[in-house]
Amino acid sequence: MIENIGIDIVENKRVNLRQNFLNKVLTKDELEKLSTLSSKKAKIEFVAGRWAVKESIIKTLKNNEVLPMSKINIGYLEKTPIILNKGLTNILISISHEKKYSVGMAVKKND
């Protein structure tokens, strides 16, 4: 049963690759993954996708659950994005990119 859903879209050109911004959006693991990407376009899409999906995850949480983006760790199971945080495994996510935009969606299932 679905408890809550969230969706967010980010215009890729809003993303900057300055370290202070990256530290607010990405975890240490994600910063390491970002450093392996070779093109600026790939880096911007990576960050934009993470930003969008983390906003959507936050929208599924109850108002009293405050969680900074930099504490939400996104990884992959094969090619499917998943949340690696133990307390958030009941949330399914999806990330998608288009030329100018990245979108993230989260569906929180009942525990």
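Within the range 8-30, is there a residue that is closer than 16 Å to Ile93 by Cα, of a type in the set (S, T, N, Q) and modelled with pLDDT of 95 or more? Scanning the range 8-30 turns up no residue that is closer than 16 Å to Ile93 by Cα, of a type in the set (S, T, N, Q) and modelled with pLDDT of 95 or more. Only one of the numbered conditions (1) open to solvent by 90 Å² or more (accessible area, probe 1.4 Å); (2) modelled with pLDDT of 95 or more is not met by Lys86, and that is (2). Among the residues making up the range 61-111, none is in contact (Cβ under 8 Å) with a residue 24 or more places away in the chain, hydrophobic (A, V, I, L, M, F, W, C) and out of contact with any helix residue (DSSP H, G or I) (no Cβ under 9 Å at 6 or more places or on another chain). Just so you know, in the range 29-64 the residues that are within 18 Å of Gly87 (Cβ to Cβ) and basic (Lys, Arg) include one that is most open to solvent (accessible area, probe 1.4 Å), and it is Lys62. Pairs meeting the criteria (first residue in the range 7-28 and under 18 Å from Ile72 (Cβ atoms) and in a loop (DSSP other than H, G, I, E, B), second residue among the basic types (Lys, Arg) and open to solvent by less than 60 Å² (accessible area, probe 1.4 Å), beta carbons under 8 Å, at least 6 apart or on different chains) are Leu26/Arg50.
The values are calculated or read from the model by the stated rules, or taken from the named source; none is laboratory data. None of these values were measured; they are calculated from a predicted model. FYI the Cβ positions are ideal-geometry reconstructions off the backbone, even for glycines, and counts take in every protein chain you see. We work out accessible area using only protein heavy atoms, side chains counted, and drop any ligands, DNA or RNA first. Shrake-Rupley method; radii C 1.70, N 1.55, O 1.52, S 1.80 Å.
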